Amino acid sequence: MIDKFDQITEENIKTLVDQFYNKVQKDKELGPIFEGAIGSGAKTWEPHLNKMYAFWSSIMLTSGRYQGNPMQKHLDLPSFDLALFNRWLELFFEVADELYVEEISLQYKQRSSAIAKRLSFAINTLSSK
């Protein structure tokens with residue numbers, strides 16, 4: 001059995017983000033959406049991954065490293081099925097459970113669920129106007 005992370009650090013946030021987006025890129029539902037928005041290949045993904053390291057650092061460690069507007073980024077995407085937020089969460093939960101002890105995995109799950117709910121609500125509300 002692999003030892004799970006029992007604390008949140010910048011290093012294991014990077015591991016979580018890398019493993020999560022590796023799954024996303026291979027996913028038959030999410031992969032094409034992300035490829036359309038980001039492209040393919042390590043060089044194209046590097047800026048996005050760096051933003052996600054900073055984003056999750058800000059969320060989980062309150063580091064203040066992320067400077068951006070995730071709501072606007074998602075609103076600017078071409079229309080997509082909002083039910084895909086559920087698939088995003090499934091993969092994210094999988095990775096959190098694989099990497100972290102239960103207590104910390106739960107923290108990631110709660111925060112990611114709240115984020116997905118807010119993004120989905122805003123996209124649904126603003127796109128219907």
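Here are the numbers for the structure shown:
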| read-out | value |
| --- | --- |
| Condition check for LEU91: farther than 19 Å from GLN107 by Cα and not polar (S, T, N, Q) | no |
| Condition met for GLU98 (of a type in the set (Asp, Glu) and farther than 30 Å from ILE2 by Cα) | no |
| Matching residues in the range 43-64 - criterion: being assigned to a helix (DSSP H, G or I), surrounded by 13 or more Cβ atoms within 10 Å (Cβ to Cβ) and either charged (D, E, K, R) or touching a helix residue (DSSP H, G or I) at 6+ places or on another chain (Cβ under 8 Å) (or both) | TRP45, HIS48, LEU49, LYS51, MET52, TYR53, PHE55, TRP56, SER57, ILE59, MET60, LEU61 |
| Residue list for the range 11-32, restricted to those being of a type in the set (Lys, Arg) and either modelled with pLDDT under 95 or more than 14 Å from SER57 (Cα to Cα) (or both) | LYS23, LYS26, LYS28 |
| The one condition in (1) in a helix (DSSP H, G or I); (2) out of contact with any strand residue (DSSP E or B) (no Cβ under 6 Å at 6 or more places or on another chain) that ASN12 fails to fulfil | (2) |
| Unmet criterion (only one of (1) in a helix (DSSP H, G or I); (2) open to solvent by 40 Å² or more (accessible area, probe 1.4 Å); (3) free of Cβ contacts under 8 Å to residues at least 40 places away in the same chain) for SER40 | (1) |
| Residue in the range 83-101 that is farther than 25 Å from THR62 by Cβ, open to solvent by 40 Å² or more (accessible area, probe 1.4 Å) and in a loop (DSSP other than H, G, I, E, B) present | yes |
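The values are calculated or read from the model by the stated rules, or taken from the named source; none is laboratory data. It should be emphasised that the depicted structure is a prediction, and the values quoted were computed from it without experimental measurement. Ideal geometry is used to build each Cβ from the backbone, glycine not excepted, and the neighbour counts take in all protein chains shown. These accessible areas exclude ligands, DNA and RNA; they are computed on the full protein's heavy atoms, side chains included. Shrake-Rupley method; radii C 1.70, N 1.55, O 1.52, S 1.80 Å.
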